[in-house]
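Please treat every number below as a calculation from the coordinates, not as lab data. These figures come from a predicted structure and were not determined experimentally. Cβ atoms come from the backbone with ideal geometry, glycine included; neighbour counts cover every protein chain shown.
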């Protein structure tokens with residue numbers, strides 16, 4: 001996950017605030033008591049064991065009753081570490097993850 005890729009993608013999405021590229025989904029990341037940030041991730045990552053663990057934590061915290069964007073209750077640094085590992089394993093499928101803005 002290179003800085004240039006993150007910056008370029010962030011610039012593109014900031015021009016279209018609500019745009020989510022085809023094949024991706026937006027998620028909010030952060031603990032309920034702190035700042036949350038919006039990320040856009042490839043839908044293929046939802047089947048990755050590491051991402052599935054994050055989704056399990058969201059289910060444990062919020063149940064299945066979440067409205068709107070899925071919220072993942074972990075700190076942003078931890079999330080970035082996880083997606084970095086996922087992105088490294090799936091280099092050929094998608095570019096990586098990128099933060100769009102704080103929620």
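Testing the spin-label approximation: label points 7 Å from Cα along Cα→Cβ at residue 75 and residue 53. State their distance in nm.
1.7
At 0.36 nm per residue, and after removing the present C-alpha to C-alpha distance, how many nm does the segment from residue 62 to residue 31 gain when stretched out fully?
Here the segment from residue 62 to residue 31 would lengthen by 10.0 nm.
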